[in-house]
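Report on the following structure.
Values quoted throughout were computed directly from the atomic coordinates according to the rules given, and no laboratory measurement underlies them. Just so you know, these numbers come straight off a predicted model, no measurement behind them. With ideal geometry, Cβ positions are generated from the backbone for all residues, glycine too; neighbour counts draw on all protein chains shown.
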Amino acid sequence: MLHFVEFKKNYGNYPALTISDFNIDAGIYWIKGVNGSGKSTLLKSIAGILAFDGDIVLDGDISIKKEPVAYRRLVNFAEAEPLFPEFLTGMEMVKLFASAKDAQVGQEQYFIESMKMQSYIDRPVGTYSSGMLKKLSLVLAFLGNPMLILLDEPLITIDTESLKILYSWIREYHNKSVSFMLSLHQDLDTDERLEAVKLLVEGQTLSFC
Ligand SMILES: Nc1ncnc2c1ncn2[C@@H]1O[C@H](COP(=O)(O)OP(=O)(O)OP(=O)(O)O)[C@@H](O)[C@H]1O
């Protein structure tokens, strides 16, 4: 599903992450690692938000470097602490992402309703609480027809009812062959029946746990 080829991400002189040749099959992955180990750097690089040396190839032949548009359409990302333009409403953000991700018309309604966001989705994002912002970022990460969804710290900030909904979305999309990479500090809820393979970011590289 994902192949790292001579991947290297430096911040100035600091070599944050080096992954020379690494393959990840389709599935659900739990990215572990201590603070500052490079989990967000990894997810932002896979999402195409950070520049890096080398290449990341999706599904055998879709290179982020050679086919950035096709690649980005298939890889969605929710940041740990999302920041959006404060003057736009939640719905304007949703429409923007739906258009960029070629989402089918009306797809967003299911997500907005199941997360119970109808009462504030038309309000400017600047008026949102941190939990509301987090839920908006999660909705955006499910729009379109992604092959891979990257969720950085998805379990923080949102209430327990919303967490259950998020787990159900992950199960539903996984059943449709969508892969996930979740960076988490806390354990996954074993009652939620998510079979996740553990990956460890340690010593400025990535390995299976
Ligand atoms: N913009 C930046 N400039 C310089 N160094 C950075 C930058 N962003 C991250 N780093 C460094 O890269 C390393 C990895 O950071 P990263 O945010 O990826 O870690 P993380 O595993 O996500 O941490 P946490 O669990 O605390 O969120 C850290 O040493 C950090 O100081």
Note on segment 2-208: contact order normalised by length, alpha-carbon pairs under 8 Å, 6 or more apart, percent, works out to 30
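Of the cross-linked pairs 32/134; 101/164; 9/134; 9/135, which ones have a Cα-Cα span greater than 22 Å in the structure shown? Don't jump to the answer; show the numbers that get you there.
On the way: 32/134 20 Å; 101/164 25 Å; 9/134 27 Å; 9/135 29 Å.
With Cα atoms farther than 22 Å apart: 101/164; 9/134; 9/135.
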In the neighbourhood of residue 115 defined by beta carbon distances under 12 Å, the net charge of the other residues (Lys, Arg +1; Asp, Glu -1) is 0
A student asked for the Cα radius of gyration and Dmax of the chain in angstrom ought to give 16.7, 47
Once residue 61 and residue 113 are pulled to full extension, the length gained, defined as 0.36 nm per residue separation minus their Cα-Cα distance, is 15.1 nm
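About its Cα centre, how strong a charge dipole does segment 88-209 have in debye, to the nearest 20, once Lys and Arg get +1 and Asp and Glu get -1 at the Cβ? List each step's numbers first, then the result.
Details: 11 positive and 16 negative charges, 52 e Å.
My answer is approximately 260 debye.
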Placing each pseudo-label 7 Å from Cα in the direction of the beta carbon, residue 49 and residue 161 end up separated by a distance in nanometres of 2.8
